[in-house]
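> One structure coming up, written as structure tokens, with questions to follow.
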Amino acid sequence: MLPPGITDEDHALIKPYILLPIVLSAFERDLNVIKAAVKTPDPYIDLLSAAMAQATRELTELRKELRRRGIKVYETERTEIGYRAEYLCRGYQRTFTMLDGLVRAEGGILMRKFLGLDMREVEAARTIEAARGDEKDRPE
């Protein structure tokens with residue numbers, strides 16, 4: 001339960017604050033790998049650069065919204081099991097934690113969004129993979 005004065009919407013802003021820099025780092029890393037490994041990297045570089053620009057714009061808007069709401073994230077750190085952020089929300093100190101699995105899943109969704117992939121296709125593929133996984137686990 002959140003203390004009085006902190007809304008669920010306030011608390012929910014911390015997740016993208018953690019995820020967006022991670023996504024930007026992943027795009028940057030991938031950009032460097034593509035530059036070194038692909039013979040015609042320009043189209044890939046253009047796609048990743050556009051995705052990075054969109055993620056940066058979203059992070060900038062998020063920071064403005066945090067300021068507007070009186071939220072100050074004063075520490076983010078990588079832990080053994082995920083990521084942790086300490087923040088102040090109008091005088092109340094809070095902690096937000098995300099486990100590695102959730103960071104990978106949510107980060108992947110954000111990356112696909114910024115790359116312009118149709119999320120319905122991604123969800124359909126996951127559903128098919130999950131069904132195949134269920135079939136493999138069934139005794140014959």
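> If you check Glu9 against the conditions, is it touching a Phe, Trp or Tyr at 6+ places or on another chain (Cβ under 8 Å) and acidic (Asp, Glu)?
For Glu9, the condition - touching a Phe, Trp or Tyr at 6+ places or on another chain (Cβ under 8 Å) and acidic (Asp, Glu) - is not met.
> Looking only at region 52-99, count every residue that is over 21 Å from Thr7 (Cβ atoms), outside any strand (DSSP E or B) and among the charged types (D, E, K, R) and tell me the total.
Number of matching residues: 2.
> Looking at region 40-51 only, could you name the residues that are surrounded by 14 or more Cβ atoms within 10 Å (Cβ to Cβ) and in a helix (DSSP H, G or I)?
Once the filter is applied, which keeps residues that are surrounded by 14 or more Cβ atoms within 10 Å (Cβ to Cβ) and in a helix (DSSP H, G or I), region 40-51 yields Tyr44, Ile45, Leu47, Leu48, Ala51.
> Identify the residue in region 95-140 that is modelled with pLDDT of 90 or more and either of a type in the set (Ser, Thr, Tyr) or over 18 Å from the mean Cα position of the chain (by Cα) (or both) and, among all such residues, is surrounded by the most Cβ atoms within 10 Å (Cβ to Cβ).
So the residue we want is Thr97.
> Let me confirm something: among Ile14, Ile45, Ile34, which residue is in contact with a strand residue (DSSP E or B) (Cβ under 7 Å, 6 or more places away or on another chain), farther than 13 Å from Met111 by Cβ and not polar (S, T, N, Q)?
When all the criteria are applied, what remains is Ile14.
The values are calculated or read from the model by the stated rules, or taken from the named source; none is laboratory data. Remember, predicted model here, so these are calculated numbers, not experimental data. Don't worry about glycine lacking a Cβ; one is built from the backbone with ideal geometry, like all the others, and counts go over all protein chains shown.
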